[in-house]
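In what follows, a single structure is set out as structure tokens and then discussed.
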Amino acid sequence: MKLSDSRTINADAATVWAGLLNPDVLKACVPGCTEMSGSAQEGFEATVVQKVGPVKATFKGAVELSEMTEPESLTMTGEGKGGAAGFAKGGADVRLEPQGDQTILHYDVEAKVGGKLAQLGSRIIDGFAKKMADQFFENFSEAVGAPAVQEDTPDSEETPQKKGWFKKLVS
């Protein structure tokens, strides 16, 4: 399964780069992630709980970063094992393109699954993978970027998570 897309993030390339290397940001952005540890230099270890069609599994895996050209591009490769559910492995080439106060994040993802997951069929797996990628990059954009300018609405007094929380930390 291959997927390519891009996202515009309301943050400069250095802030986006720092977010990609931060385990706390990654944990907050990966859907279903319950644990994330490690560093960009040594790699990350993660535990992710997901339900794909009728199969629910806890994946334990590792992600390594390579071909890092700060703050322009990097490659993420990883593999997770979900016990009887099977395994998932793949990688993403990420490229950052500064555009004024914003950054366009381009990504090319390739993923493979095996075991019970592979038996679900490519339509289910491809749809799930696209949904996961979209959720991750949407969460990442909200965590790292400044919030988009919105009109004042009295009904929205509280939001579950502050937008741009990572950018505020590094500013």
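The values are calculated or read from the model by the stated rules, or taken from the named source; none is laboratory data. The model shown is predicted, which means the values in this text are computed figures rather than measured ones. As a convention, Cβ positions derive from the backbone with ideal geometry for all residues, glycine included, and neighbour counts pool all protein chains shown.
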Based on what the data block shows, is Gly91 in contact with a Phe, Trp or Tyr (Cβ under 8 Å, 6 or more places away or on another chain) and within 21 Å of Phe140 (Cβ to Cβ)? no
Find the residue count for the stretch 31-67, including only residues that are closer than 19 Å to Lys130 by Cα and of a type in the set (Phe, Trp, Tyr). 1
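Condition check ((1) touching a Gly at 6+ places or on another chain (Cβ under 9 Å); (2) under 18 Å from Gln50 (Cβ atoms)) across all residues:
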position: Glu97; (1), (2): no, no
position: Ile104; (1), (2): no, no
position: Gly114; (1), (2): yes, yes
position: Ala133; (1), (2): no, yes
Residues that are at pLDDT 85 or above, over 17 Å from Gly19 (Cα atoms) and hydrophobic (A, V, I, L, M, F, W, C), drawn from the stretch 130-171: Met132
Of all residues in the stretch 60-94 being under 16 Å from Val109 (Cβ atoms) and hydrophobic (A, V, I, L, M, F, W, C), the one that is modelled with the lowest pLDDT: Ala88
Go over the candidates Lys89, Lys112, Lys81 one by one and state the one that is buried (at least 16 other Cβ atoms within 10 Å of the Cβ) and basic (Lys, Arg). Lys81
Working only within the stretch 112-133, note down all residues that are without any contact (Cβ under 8 Å) to a residue 40 or more places away in the chain and either assigned to a helix (DSSP H, G or I) or on the phi > 0 side of the Ramachandran plot (or both). Gly115, Ala118, Gln119, Gly121, Arg123, Gly127, Lys131
In the stretch 34-59, residue surrounded by the most Cβ atoms within 10 Å (Cβ to Cβ) [restricted to those that are modelled with pLDDT of 95 or more and touching a Lys or Arg at 6+ places or on another chain (Cβ under 7 Å)]: Met36
Out of curiosity, is Ala118 closer than 28 Å to Ile9 by Cα, out of contact with any Ser or Thr (no Cβ under 6 Å at 6 or more places or on another chain) and aliphatic (A, V, I, L, M)? no
